[in-house]
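**Student:** Mind looking over this structure? Questions follow.
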Amino acid sequence: MSTLSVSTGIVPLGEFKANAAKLLRQLRDSGSPLVITQDGRPAAVLLTPEAYDALAAAAPIRASMDSFSTPPAPPAEDVVGWLDTWATENEIPLPPAFPA
């Protein structure tokens, strides 16, 4: 999907109604999304079918990535204890939540 062109990609609803066929051709040719405004505020975004399909295909991937959780951080006192001994001959092991 192309990026939004601020100069041509934001169209008031009245202009869209008056020039729908022309604007849809431009959308198809450029591939850039088209923002339709109403009362000066964004009201809708038009995409090509291909851009919509790409977004829809990516949604399950995003949802599964969001389901991953970060392991909890070790208690601060464990980290401070490790740092106090770091690079000494009495270095204690890394706290368990940290990778080796």
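**Student:** Look at segment 76-86 and say how many of its residues are assigned to a loop (DSSP other than H, G, I, E, B) and surrounded by fewer than 10 Cβ atoms within 10 Å (Cβ to Cβ).
**Tutor:** Result for segment 76-86: 0.
**Student:** While we're looking at this one, here's another question. Select from segment 32-66 the residues that are in contact with a strand residue (DSSP E or B) (Cβ under 6 Å, 6 or more places away or on another chain) and either of a type in the set (D, E, K, R) or surrounded by 11 or more Cβ atoms within 10 Å (Cβ to Cβ) (or both) and list them in ascending order.
**Tutor:** 33, 34, 35, 36, 37, 43, 44, 45, 46
**Student:** Is there any pair linking a residue in segment 22-38 that is β-branched (Val, Ile, Thr) to one that is part of a helix (DSSP H, G or I) and surrounded by fewer than 17 Cβ atoms within 10 Å (Cβ to Cβ), with Cβ under 8 Å and at least six apart or on different chains, and which?
**Tutor:** Short answer, once both residue conditions are applied: 36/13; 37/13.
**Student:** Can you say whether residue 89 is loosely packed, with under 11 Cβ neighbours inside 10 Å, charged (D, E, K, R) and part of a loop (DSSP other than H, G, I, E, B), as far as the supplied structure shows?
**Tutor:** Details: loosely packed, with under 11 Cβ neighbours inside 10 Å: yes; charged (D, E, K, R): yes; part of a loop (DSSP other than H, G, I, E, B): yes.
Yes: the conditions hold for residue 89.
**Student:** Residues that are under 30 Å from residue 95 (Cβ atoms): find the helices (runs of 4 or more DSSP H) completely inside segment 1-75 holding 1 or more of those. Full working, then the answer.
**Tutor:** Values: elements: 13-18, 20-30, 49-66.
Per the criteria, 49-66.
**Student:** Let me ask something else. With 86, 82 as the choices, which residue is touching a residue at least 12 places away in the same chain (Cβ under 8 Å), farther than 27 Å from residue 2 by Cβ and among the hydrophobic types (A, V, I, L, M, F, W, C)?
**Tutor:** 82
**Student:** For residue 36, which of the numbered conditions (1) out of contact with any helix residue (DSSP H, G or I) (no Cβ under 6 Å at 6 or more places or on another chain); (2) at pLDDT 95 or above fails to hold?
**Tutor:** With (1) out of contact with any helix residue (DSSP H, G or I) (no Cβ under 6 Å at 6 or more places or on another chain); (2) at pLDDT 95 or above applied to residue 36, the lone miss is (1).
The values are calculated or read from the model by the stated rules, or taken from the named source; none is laboratory data. Quantities reported herein were computed from a predicted structural model and do not represent experimental measurements. Please note: Cβ atoms are built from the backbone with ideal geometry, for glycine as well, and neighbour counts cover all protein chains shown.
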